[in-house]
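Everything on this sheet refers to the single structure shown next.
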Amino acid sequence: MLAAFRNMPGRIDLPARILMSALFLLSGVGKITAVAATQTYMAAYGVPGILLWPAAALEIGSGLLLLLGFGLRPLGAVLAGWCLLTALIFHTAFTDQNQMINFLKNLAMAGGFLLLAERGAPAFGLDGLLSKRRTARLRPSAP
């Protein structure tokens with residue numbers, strides 16, 4: 001059983017990033033397709049509506065970077081912070097079970113992004129491809 005897990009990082013990298021990116025892509029696109037409603041929601045939590053645009057850009061850009069597998073270590077740290085920030089701003093009404101679930105979901109995602117920040121993505125992304133190219137260039141050529 002343990003042997004099956006040894007080769008998993010290369011096999012689950014892309015599907016994991018696809019799942020992680022879906023939330024950010026859909027959320028970012030949702031913000032720019034429902035500007036007034038999103039700004040009203042943000043304002044209810046004391047967040048200026050003008051911040052919708054950088055939030056949407058962060059979410060869409062991050063979702064695309066996750067899909068491409070590029071800059072994943074710094075991106076993981078940024079998204080861990082983003083998940084914690086949004087949990088603390090929007091999901092602290094703990095008497096509401098849905099808000100508690102969303103708070104815990106954001107904490108779990110932050111944990112996953114911290115792992116991504118530590119490990120990066122071993123395969124199926126631009127980071128892996130660029131790493132292989134750098135390694136190939138650094139190898140001494142045969143005499």
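Based on this model, can you work out whether residue 61 counts as in contact (Cβ under 8 Å) with a residue 40 or more places away in the chain and within 27 Å of residue 12 (Cα to Cα)? Answer is no for this residue.
Looking across 11, 17, one residue alone is assigned to a helix (DSSP H, G or I), of a type in the set (D, E, K, R), in contact with a helix residue (DSSP H, G or I) (Cβ under 7 Å, 6 or more places away or on another chain) and surrounded by 11 or more Cβ atoms within 10 Å (Cβ to Cβ). It is 17.
We did not get these values from a lab; they are worked out from the coordinates using the rules stated. Remember, it's a predicted structure, so these values are computed and weren't measured experimentally. For neighbour counting, all protein chains shown are included, and Cβ atoms are generated from backbone atoms with ideal geometry for every residue, glycine included.
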